[in-house]
Amino acid sequence: MGGVETACKGKSYDGLPEAFKFFIEGQFRTIDVDGDGSIGLEEFRLDCVSRMAYPTIEALDNAFKAIAEGGTLTLARYKELYAEFMSNPDEGCVACNLFGPLPVLD
């Protein structure tokens, strides 16, 4: 068993194992606090700051702008980005903004 890399590397959302899909959709529903079917800027900010501190709110806003379409993040877009984040080793890909700006580790 090779773990996440074997299960996800190079795959789109549809190619992910069912357990990952279940988790990803559950995460989306948790972040979508108002239940309108999309994640807005305020919901994105709340999700990010619940995990770590950021030096400025602008850093979160810029990350959201990089992933949002039309000012919101739909479930379809969230699934696409989550799969890209898990499958793409490029640390500069747009999907790396899905969880807010990630710090660079040396």
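The values are calculated or read from the model by the stated rules, or taken from the named source; none is laboratory data. Note that the structure is a prediction, hence the values are computed from the model and not measured. We place every Cβ from the backbone using ideal geometry, glycine too, and count neighbours over all the protein chains shown. For accessibility, only protein heavy atoms count, side chains too; no ligands or nucleic acids. Shrake-Rupley method; radii C 1.70, N 1.55, O 1.52, S 1.80 Å.
Let me spell out the model: positive unit charges on the Cβ of Lys and Arg, negative unit charges on the Cβ of Asp and Glu, origin at the Cα centre of region 3-89. What dipole size does that give, in debye rounded to 20?
On the way: 9 positive and 15 negative charges, 61 e Å.
Using Cβ point charges on Lys, Arg, Asp and Glu, region 3-89 gives about 300 debye.
Would you mind counting up the charge near V33? Only other residues with Cβ under 14 Å from its Cβ, with Lys and Arg at +1 and Asp and Glu at -1. After counting each charged neighbour, the total is -4. With the convex hull of its Cα atoms as the shape, the chain has an orientation-averaged projected area of 7.2 nm². Within the listed set T72, T30, T56, the Gaussian network model of the chain (springs between alpha-carbon atoms below 10 Å) gives the highest mean-square fluctuation for T56.
From Cα pairs below 8 angstrom and at least 6 apart in sequence, can you work out the relative contact order of region 58-106, rounded to a whole percent?
Working: 32 pairs, mean separation 23.9, N = 49.
Worked out over region 58-106, it gives 49 percent.
Computed over the chain with a Gaussian network model linking Cα atoms closer than 10 Å, the most mobile of Y54, Y13, Y82 is Y54. Computed 3J(HN,Hα) for region 10-23, one whole-Hz value per residue from the Karplus formula 6.51 cos²θ - 1.76 cosθ + 1.60 where θ = phi - 60°, is x, 10, 7, 4, 4, x, 6, x, 4, 4, 5, 4, 4, 4, glycine and proline marked x.
May I ask you to give the solvent-accessible area per residue for the chain, in square angstrom, as obtained with a 1.4 angstrom probe?
Values: 6390 Å² over 106 residues.
It amounts to 60 Å² per residue over the chain.
For F85, what accessible surface area do you get with a 1.4 Å probe? Give it in Å², rounded to 10. So the heavy atoms of F85 present about 70 Å² to solvent.
Restricting to DSSP H runs of at least four residues, report the calculated mean residue ellipticity at 222 nm for the chain, -39500 (n - 2.57) per run over all residues, nearest 500 deg cm²/dmol. Show your work: numbers first, answer last.
Values: 5 runs with 53 residues, N = 106.
About -15000 deg cm²/dmol.
Near I39, the amide H atoms lying under 5 Å from its own belong to L73, T74; only residues 5 or more places off or on other chains count, and H is placed 1.01 Å from N.
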